[in-house]
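Written out below as structure tokens is the structure these notes cover.
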Amino acid sequence: MKIALLSRNKHLYSSRRLIEAAEERGHEIHVLDALRCYMNIASHKPTMHYKGDKLQDFEAIIPRIGASITFYGTSVLRQFEMMGVYPLNESVAISRSRDKLRSMQLLSRKGVGMPVTGFANKPDDVKDLIKMVGGAPLVIKLLRGTQGIGVVLAETQKAAESVIEGFMGVKADILVQEYIREAGGADIRCFVIGGKVVAAMKRQAIPGEFRSNLHRGGTSSLVRITPEERSTAVRAAKIMGLNVAGVDLLRSNHGPVVMEVNSSPGLRGIEEATGKDIAGLIVGFIEKNHKMGRTGTKGRG
């Protein structure tokens, strides 16, 4: 099988592992920088070009699109879909999961557990917004933040008002969420492939930090999840339309709550914590499910 890997850096752990897994199984894999791809949007035969060459004969594509290039990266992926190339995750699903507000609304509509979340536009509404999510302490998140950047814990009413008004003052879009104190600075990353949780790890924040992201010094360890946590992770990935997803859960007093559904989850932490060949499972999923033109995006935008 000829596979394209959309990645800006082939030396990153996740990219290297996917390349290794594909080659071990006898596949031909090519790493493409999404920003170097350019397209001919023709009505009958759309094409993709890369560094002066026309790309063709790819059977499947693995998108590893960074948050900072979501718009152009998903446009490139959509072009491949129009060409009939099978995507591991579809462009529509990636765009849906990257929009924090939209994803929370979709999860809410389907009754998936999540923290009480507020969204507003005007500083006049700040006091009521804070009251709506249960008061301080609370968490304030930039809609476009990643890896824990742009996430603030406001421990008092005054601090919450100041931070929210500050973000609104620079026209930044934010979410305000209840703080799940009982989680103790830990979350659960469930790795979902094809509607099944294939691995799970606990991420623990360093002392004095409430964000458990590994990029912020958090540690990972193997964890046994409950049937309810497993079901919640699978449902969240399905609602986003993602074949492969990292679903981040918090353990609250009223059950698991979804913090985020990641469409390009990193492989290092989960492979090191669990000892599982996640990259191999991803390539195996493509082997079983790929088919030219097999994408819900094709023909409906």
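The values are calculated or read from the model by the stated rules, or taken from the named source; none is laboratory data. None of these values were measured; they are calculated from a predicted model. Positions of Cβ are backbone-derived with ideal geometry, glycine not excepted, and every protein chain shown enters the neighbour counts.
With a cut-off of at least 1 residues that are more than 26 Å from Glu20 (Cβ to Cβ) and in the same structural domain as Phe191 (by TED's automatic domain parsing), name the helices (runs of 4 or more DSSP H) lying wholly within segment 223-289.
Those helices (runs of 4 or more DSSP H) span 227-240.
Tell me which residues, restricted to segment 220-240, are surrounded by fewer than 19 Cβ atoms within 10 Å (Cβ to Cβ) and over 16 Å from Ala199 (Cα atoms).
Within segment 220-240, just Lys238 meets the criteria.
Taking segment 19-50, which residues are out of contact with any Phe, Trp or Tyr (no Cβ under 9 Å at 6 or more places or on another chain) and closer than 26 Å to Ala279 by Cβ?
Ile19, Glu20, Ala21, Ala22, Glu23, Glu24, Arg25, Gly26, His27, Glu28, Ile29, Val31, listed by residue number.
Of everything in segment 108-133, what is under 17 Å from Ser252 (Cα atoms) and not polar (S, T, N, Q)? Give them in sequence order.
Gly111, Val112, Gly113, Met114, Pro115, Val116, Val133, listed by residue number.
Just checking, which of Gly135, Gly150, Gly113 is of a type in the set (Gly, Ala, Ser) and touching a residue at least 40 places away in the same chain (Cβ under 8 Å)?
Every option except Gly113 fails the conditions.
Output the helices (runs of 4 or more DSSP H) that fall wholly within segment 89-150 and possess 3 or more residues being modelled with pLDDT of 90 or more, under 20 Å from the mean Cα position of the chain (by Cα) and among the hydrophobic types (A, V, I, L, M, F, W, C), or say none.
Filter on segment 89-150 gives 91-98, 100-109.
Given the criteria touching a His at 6+ places or on another chain (Cβ under 6 Å), of a type in the set (Ser, Thr, Tyr) and either without any contact (Cβ under 8 Å) to a residue 40 or more places away in the chain or not assigned by TED's automatic domain parsing to the domain that holds Gln79 (or both), does Tyr50 qualify?
Here the answer is no, as Tyr50 does not meet what is asked.
So, of the residues in segment 37-82 that are of a type in the set (S, T, N, Q) and surrounded by fewer than 15 Cβ atoms within 10 Å (Cβ to Cβ), which turns out to be farthest from Pro265 (Cα to Cα)?
Looking at the filtered set, the residue picked out is Ser43.
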